[in-house]
Every structure is written in C-alpha cells, then in structure tokens.
Amino acid sequence: MNNFFIKFLIATFLSTSLCCAAPRTERGYFVSPDGNDNNDGRSVESPWKSLEKVNASKFKPGDTIRFEGGRIFESNVLQYQSALLISDSGTPDSPIVYTSYGGLRATIKADSIGIMCSGKEYVEFRSINVSGSFNPFDQRNSTAYNNIGLWLINHNSVKKLRGIKIDSCKFSGLQTNAISVSPLNERSPEAGGYDGLEITNCRIDSIGHIGIIINWSASYLHSLSSFPVTNISIRNCEISRVTGFYNKFIPGSRRHDTYTGNGIFISHADSVLIERNLVYSCGGSGFDTIIGSGPSGIEAAASRRITCQYNEVYDIKASTGSDGHGIHFGDGVQNSTMQYNYSHDNDGPGFSFHCYGNSYPLANSNNVLRYSISARNGRKSVYNACEVLVSSFNPKTTDNISVYNNTIHSVRQNSIEMSVIEVERSATNISFRNNLIISDDPDVFIINIHPLQNPTSVVLQGNLYWSKNGSYKFREGNDTFYTYESWQGRTSRSVMCEVLNGKNSGVIEDPKISLPTNILNLNNSYELSSMTEFRIDASSVASGKGLNLKKLFGLDPGKNDFFGNSILEVDKFSIGANQSPAP
C-alpha cells in the first residue's frame, strides 16, 4: 500500500468522523483477550475482546477505554496500517482516555503502526506499552517501513489540535520512531499543528530511527513567522538504545545515512520545555563500522524559546566522522536556553550550537548555555572532538551565543585532535564568561578558534583555565600558543582574550574541584543537584571570583546554580556551575 493511498484513506476517514463537543459521560469500557466482542464492554466481568471492536466503536468525551494489564493485544485487521486507530475527540473538560487496568500495563503489538491518532484532540494515553519486533542490534537484512509506536498526525491546514497527553507509556522494538508528531503531508505549504502536547514519564528503548520526533512542514523553514507546534513539554522520560536505522540509505548514494539515532528531535516549535529526561546509549546504528555522521541525544532545529534543563545525556555515538552530540541546538534555533544539564561521555561535544545547511535561511541566534556540566566528551568524533562547540556551515551564521558559568572537564580518550572549547566557521558575537575550563591532557587545546569565515567577535572573560600538568595549548586561526600570556598578549586579532577594562580577567590556577575519576552515570535527573563531584568549596580560587554578568553585560544569570543554590541575591559570583560560598 503506497503512501499516497494511505494518506487518501486517512483523509477520507477523517472527513467522516469529525467530533463535536458532548456532555461529560464518565463511561468506561474494558478490553481483555479473554473477553467477547458481543459483550457490552462496560465492566471487568463483561469486557470486549479485540482491538477490532475498539476500532469499530464510537466514543464520547469523558469515555475511558481500559485494556487488561499484563496482556498483549494484536490486530488481525489493521486500520490505516495501525493496530489501534483513534476515531474520536474529547473536550477540554472531558478527554477520551486510553489506559490499562489491573496494576500492570497492557501491550499493543505494533507490527506496523501501534496507535494512530489523526486529526483528533483532547485524547490521553496513559500506562500503555507499545511493542514491535524490531531488533536494532541485528539490522543487516532489515527493510525500511513505517513502524511507529504512537503517531500523532494533523491533517488540518488551519486548526491546531490541543489536549494530547502521553503519560507513563513504554515503547520498544520499533524500527522508525517511538512517538512521531507530524502533518499528513510534510510538503504541504500549510499544515495545522499541535498546542499543549505533553509527553511525560515515558520509557523508550530499542528503537531504530528516532525516539521522540516532532517534525513539521518544510515550508516553515523560510520564515518561522508562525510555528505549527507550540507549548510542548517533554518531561521525566528515559530514552535509551535508539541506535539509528542501518538501512536508511542516502538517495543516489551507496552510503548509509547515519544521521539517525536521536533520542529527542524537535523542529518547527515555539515554547518547548525539555526537562529532567535521561537519554543515553543512542546512535551508532548498532554497528561500529559504518562511515558517516551521527545523531544527538537531544536536538532542536528551526525552533524558538526552547528551555532544555535538568537532563542527563551520555554515551551518544557517532559512527565515525562527526556529530554524536549530547545536547545540540542546530539550524534556526533562536532565543533558547540550555541550563542545569549534565552531558558526558559522548562521542561528540557535550553541548553544541551548530548549523549544518549551507543554504539554510535562518541563523542559530540569541541562545544561552549556562550552569551546566560537560565532561569526558569528544570520545570519537573526528571533526567535533570537544566539550563545547559553536560553529556554522551557514552564511547566516551562528550568532549571539552566550556561554557562561559552566564547568567543563576534558579527558582525552583517543589520539585525535581534541579541544575543550571550539569555535569555527561562520560564528559571530560569541562570548564565554565565568566558565571553569579543565583539561587532563597537555595535547588538548584549551581554546581552539579556527579561521573564521566572517568578521567576528569572540569574547572570553572571567574564565578559569586549568591544565593538570601545567602545560597549555591555545589556538587562534593558524597560530598556536603554549602559554596563557602569549595567547592573551597577541595584539592583531578579532578575539578578546581575557581582557576587561584593560586588565586581565582570566585565572590560571588549580580550582581545587572534586572531579570523578571514572565514568559517572547518575541515571536519575532528580539526583543531579546531590552530586558530590564537580563542586568547589570556599577555599577555591573560583569561589566568589566570577564576573557579575548582570551588572557588567546585562546578562540574566537565572535563579540558581547547577546544584540548586539560589543566586538571586548573590553579589560575588563564582566561576563555574557551582556557586560556592565566597571566602
């Protein structure tokens, strides 16, 4: 069945099943493999039996459909390639709810699409498993097809759909995506979107392409005057082993497309909260021999006002070449913030602001990275082996990026060229302030500023630099400097190296910080603030020696440091992500 015919059937189905608001009914339906479709389905004692019965039934606002927990539900007659087809909408006060009963989660078997919700709103999915048979670690003979856990589709060219909630669900063994949010036709010049979508407390594991993807019409790439997806939250989710799909070929090429394997990918969205998620062991396509780029743990593009906070991201793989980012703001992300995140032990950068497209019309601009920890990254990526990356292939540039009060610890794990902080290509108006920058290896560039394609302003002020063996390497353009003094003292440059009001603003001294001696996986975003590592005490040279960014530059430092200490009334700021009491 080709995609055009599928879309025609969906559109026909939608045109005949539009729902109007109805009074709250509080009806409940039960479904069990031991039931009978001739039952009324209104009690545990008289449940329906099949998904076919559910798909053929009409539901009203306020209805709850409960599947027996611990049991598997398969459909012998797929509706638009889906096992469970959502046919009705709820209302703001009376959503339609799909859930489990009996204490365990029910499982929807997804040989193609597990659940399709197209053109519907005020529908909630709670405590349901969606499981396929795809093995991401044995893909050699896999054929690409739509294998999605929960697919939210908006076919409407004007209206935004509201009231969709996905809570405490589990998705596994799916070739394409666990949760996919998209228009019916991605090439349509107009496409309705979603407002207020909530994805919370979900577990996603063993997926092929992407864990959670929100990806809208390409027509929005050129203006972003309006956003199809607004007020989205993704919170408290655990996403692992989204390996990437090995057989995702690049058209016209024999090479595999390894830009696959993201934990979370968001595009064309406005006002997004990505909070307290755990994303790990993604990318690599299940194999170490594939050549190409890679994914990111959390990535956003063509979006604005994203807040990405209190997340832990680690072990994101780039097959070889590049990428493997922990948290990445890409093409066209604007007015967004990364804060209070712990990104570590990834193949590529822990944090990055990087535009790919040479002809992309929008800049990556007005973004902030603050009070976060980046450690032990750059494990494998040849082109982006660093902790923090600011870069762009795009003439529109990566512009006005502020990186401040972060703790950045580089541990060399391979023989490739590495940097702690890297700035390259079309990057302009970039500032690094109050960061605690540490390297364990003398061959790692503390600062690596490549030859830049456009006239630029890169400012470094109030940072603390520490190389454990006392040897330093700084690069600016084609020149390498082996002491802080020679790097700072260069006069012909567009980079301001630790000078403020004509005086030195940088610090070269042991910060006496507690660092982990090995990989430190917390695996619980609520424990980030309780870490004993990456802290300084009042005796540290970093304590109380930071710049007051609000007074000096008008930068808003936020409400607290990485560890939850309030900085609202602080006058003497510390360097790094930990606001220790001043000496």
Exercise. Could you list, in sequence order, the residues of the range 225-242 that are modelled with pLDDT of 90 or more, crowded, with 24+ Cβ neighbours inside 10 Å and either among the hydroxyl-bearing types (Ser, Thr, Tyr) or not in a strand (DSSP E or B) (or both)?
Worked result: Cys237
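Out of all the residues in the range 376-425, which are among the charged types (D, E, K, R), under 17 Å from Val495 (Cα atoms), in contact with a Phe, Trp or Tyr (Cβ under 9 Å, 6 or more places away or on another chain) and surrounded by fewer than 24 Cβ atoms within 10 Å (Cβ to Cβ)?
Hit for the range 376-425 is Arg425, nothing else.
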Problem set entry | Residue match in the range 478-500 (condition: over 26 Å from Asn448 (Cβ atoms) and either part of a loop (DSSP other than H, G, I, E, B) or in contact with a Cys (Cβ under 9 Å, 6 or more places away or on another chain) (or both)) | no
For this session: Would you mind stating whether Ser131 is in contact (Cβ under 8 Å) with a residue 40 or more places away in the chain, over 19 Å from Ser50 (Cα atoms) and hydroxyl-bearing (Ser, Thr, Tyr)?
Result: no
Problem set entry | Test for Phe134: is it under 18 Å from Lys109 (Cα atoms), modelled with pLDDT under 95, among the hydrophobic types (A, V, I, L, M, F, W, C) and crowded, with 17+ Cβ neighbours inside 10 Å | yes
Exercise. Considering Thr107, Thr99, which residue is of a type in the set (Ser, Thr, Tyr) and touching a Lys or Arg at 6+ places or on another chain (Cβ under 6 Å)?
Worked result: Thr99
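Are any residues in the range 511-532 assigned to a helix (DSSP H, G or I) and of a type in the set (A, V, I, L, M), and if so, which ones?
Leu528, the sole residue that qualifies.
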For this session: Assess whether Leu547 counts as being surrounded by 18 or more Cβ atoms within 10 Å (Cβ to Cβ) and touching a Ser or Thr at 6+ places or on another chain (Cβ under 8 Å).
Result: yes
For this session: Six or more apart or on different chains, Cβ under 9 Å: which pairs go from a residue in the range 67-84 that's on the phi > 0 side of the Ramachandran plot to one that's in a strand (DSSP E or B) and surrounded by 18 or more Cβ atoms within 10 Å (Cβ to Cβ)? Could you list them?
Result: Gly70/Ser100; Gly70/Ala106; Gly70/Thr107; Tyr80/Ile113; Tyr80/Met116; Tyr80/Ser118; Gln81/Ile113; Gln81/Met116
Exercise. Which condition number in (1) of a type in the set (Gly, Ala, Ser); (2) closer than 20 Å to Leu369 by Cβ; (3) more than 28 Å from the chain's Cα centre (by Cα) is the one that Gly564 fails?
Worked result: (3)
Exercise. What residue, among those in the range 36-56 that are polar (S, T, N, Q) and part of a loop (DSSP other than H, G, I, E, B), is nearest to Leu85 (Cα to Cα)?
Worked result: Ser50
For this session: Could you tell me whether the range 98-105 includes any residue that is assigned to a loop (DSSP other than H, G, I, E, B), within 31 Å of the chain's Cα centre (by Cα) and among the charged types (D, E, K, R)?
Result: yes
For this session: Go through the range 186-215 and give me each residue that's over 26 Å from Ser281 (Cβ atoms) and either in a strand (DSSP E or B) or at pLDDT below 80 (or both).
Result: Glu186, Arg187, Ser188, Pro189, Glu190, Ala191, Gly192, Tyr194, Asp195
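Residues are listed down the side, and each one gets a yes or a no for (1) under 26 Å from Asp111 (Cα atoms); (2) at pLDDT 95 or above:
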position	(1), (2)
Arg27	no, no
Asp37	yes, yes
Ser43	no, yes
Ser46	no, yes
Lys53	yes, yes
Ser57	yes, yes
Glu74	yes, yes
Gln79	yes, no
Ser94	no, yes
Seminar exercise, completed: Filter the range 426-452 for residues that are assigned to a strand (DSSP E or B) and among the β-branched types (Val, Ile, Thr); the one that is surrounded by the fewest Cβ atoms within 10 Å (Cβ to Cβ) is Thr428
Exercise. Only one of Asp571, Asp561, Asp556 is modelled with pLDDT under 95 and within 17 Å of Val403 (Cα to Cα); which?
Worked result: Asp556
Exercise. So is Arg535 under 31 Å from the mean Cα position of the chain (by Cα), basic (Lys, Arg) and assigned to a loop (DSSP other than H, G, I, E, B) or not?
Worked result: yes
For this session: Using the structure shown, decide if Leu547 is at pLDDT 95 or above, in contact with a strand residue (DSSP E or B) (Cβ under 7 Å, 6 or more places away or on another chain), more than 30 Å from Leu278 (Cβ to Cβ) and among the hydrophobic types (A, V, I, L, M, F, W, C).
Result: yes
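Residue check: is Asp111 modelled with pLDDT under 95, touching a helix residue (DSSP H, G or I) at 6+ places or on another chain (Cβ under 8 Å) and either under 19 Å from Gln81 (Cα atoms) or of a type outside the set (Lys, Arg) (or both)? Please lay out each step first, then the result.
Working: modelled with pLDDT under 95: yes; touching a helix residue (DSSP H, G or I) at 6+ places or on another chain (Cβ under 8 Å): no; either under 19 Å from Gln81 (Cα atoms) or of a type outside the set (Lys, Arg) (or both): yes.
No; evaluated as a whole, the condition is false for this residue.
The values are calculated or read from the model by the stated rules, or taken from the named source; none is laboratory data. From a predicted model like this one, the values you see are computed outputs, not experimental measurements. No Cβ is skipped: glycine too gets one built from the backbone with ideal geometry, and neighbour counts run over all protein chains shown.
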